[in-house]
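Quick notes on the structure that follows.
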Amino acid sequence: MIMKSKSSVVDWFLILAIGAAWGASFLFIKVAAPVVGPITLVATRLFIASLLLVPIFVRFEQLRNLKHHFFPLIFLGIFNASIPFLLFSYSALSINAGTMSVLNGTTPLFAFMISIVWLKLSFNWTQLIGISIGILGLIIFVGFESLQFSTFPLFLCLLAAFLYAFCSNYIYKLEHLEPTYIACMTLLIGTIIFSPLTILEGRSSFNFSPEVLWSVFLLGFLCTGLAYIGFVIL
């Protein structure tokens, strides 16, 4: 995400809240993905988030004007929601939540570099040092010895982080749209695009434990829906 030059207490609170929600999301993904299946988990995650947020934040007249900014929202629905969610869900089959959390922590670093190259923002040593300290803090918190180094899942996580970073810069160019509208329509379009793909997993039973069901629900509502609103506002 791109930090504005004028930070406020609300901005920093949102950063901490989003960080906590996204950190918890990897625990929920690790619990649910092996049981539910990566594709079904992503589709359900998107559905829950959009079902809860779209009726609250999206107005009917905005839907009528959807054609005027359809491509940007399609782009975000695919590359800022569906694909990154799927990459992390598949990674959860091979590596632990701590490793995914650390790799997701590279998102601000990617966003920082992309903003310099694409948006021509000035290089800022303070931001770079702050981002680096944040990543190091994640590694220390998780514990280096608990990190799992499996090449392909690591690549998937880094690709997901890069997509988040790219889309955060892309969102910066959509200042004419309301942040909540961007977030809600991104999730809704992601749901519409991704839901038909659940047939690929061919799941015939949905008799899951309460732990798995709660993980899926909290992943969709808290870690996706509410966190997305804060992410776009920033």
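Only the coordinates and a few stated rules stand behind these numbers; no lab work does. These figures come from a predicted structure and were not determined experimentally. A quick note on method: Cβ atoms are made from the backbone with ideal geometry, for glycine too, and the neighbour counts reach across all protein chains shown.
What value, in deg cm²/dmol to 500, does the helix sum -39500 (n - 2.57) over DSSP H runs of n ≥ 4 give at 222 nm once divided by the residues of the chain?
-22500 deg cm²/dmol
When a/c is below 1.5 the answer is rounded, else prolate if a/b is larger than b/c, else oblate, so apply that to the range 1-117 with a ≥ b ≥ c taken from the square roots of the Cα gyration tensor eigenvalues.
Oblate, since a/c reaches 1.5 and b/c is not below a/b.
For W214 and I56, what is the calculated FRET efficiency with R₀ set at 35 Å and r taken between the beta-carbons, to the nearest 0.05?
Calculated value: 0.95.
Want the number for I129 to W12: 0.36 nm per residue separation, take away the alpha-carbon distance, what's left? All intermediate terms of the calculation are to be shown ahead of the outcome.
Working: separation 117, 0.36 × 117 = 42.12 nm, distance 1.70 nm.
Result for the pair: 40.4 nm of gain on full extension.
Can you compute the FRET efficiency between L119 and A20 using 1/(1 + (r/R0)^6), with r the Cβ-Cβ distance and R0 = 30 Å? Round to the nearest 0.05.
It comes out at approximately 0.60.
Over the C-alpha atoms of the range 72-129, what are the Rg and the largest Cα-to-Cα span, Dmax, in Å?
Rg then Dmax for the range 72-129, in Å: 14.3, 39.
Springs between alpha-carbon atoms under 10 Å, Gaussian network over the chain: tell me which of L158, L63, L136 tops the mean-square fluctuations.
Comparing L158, L63, L136 in the GNM, the peak value goes to L63.
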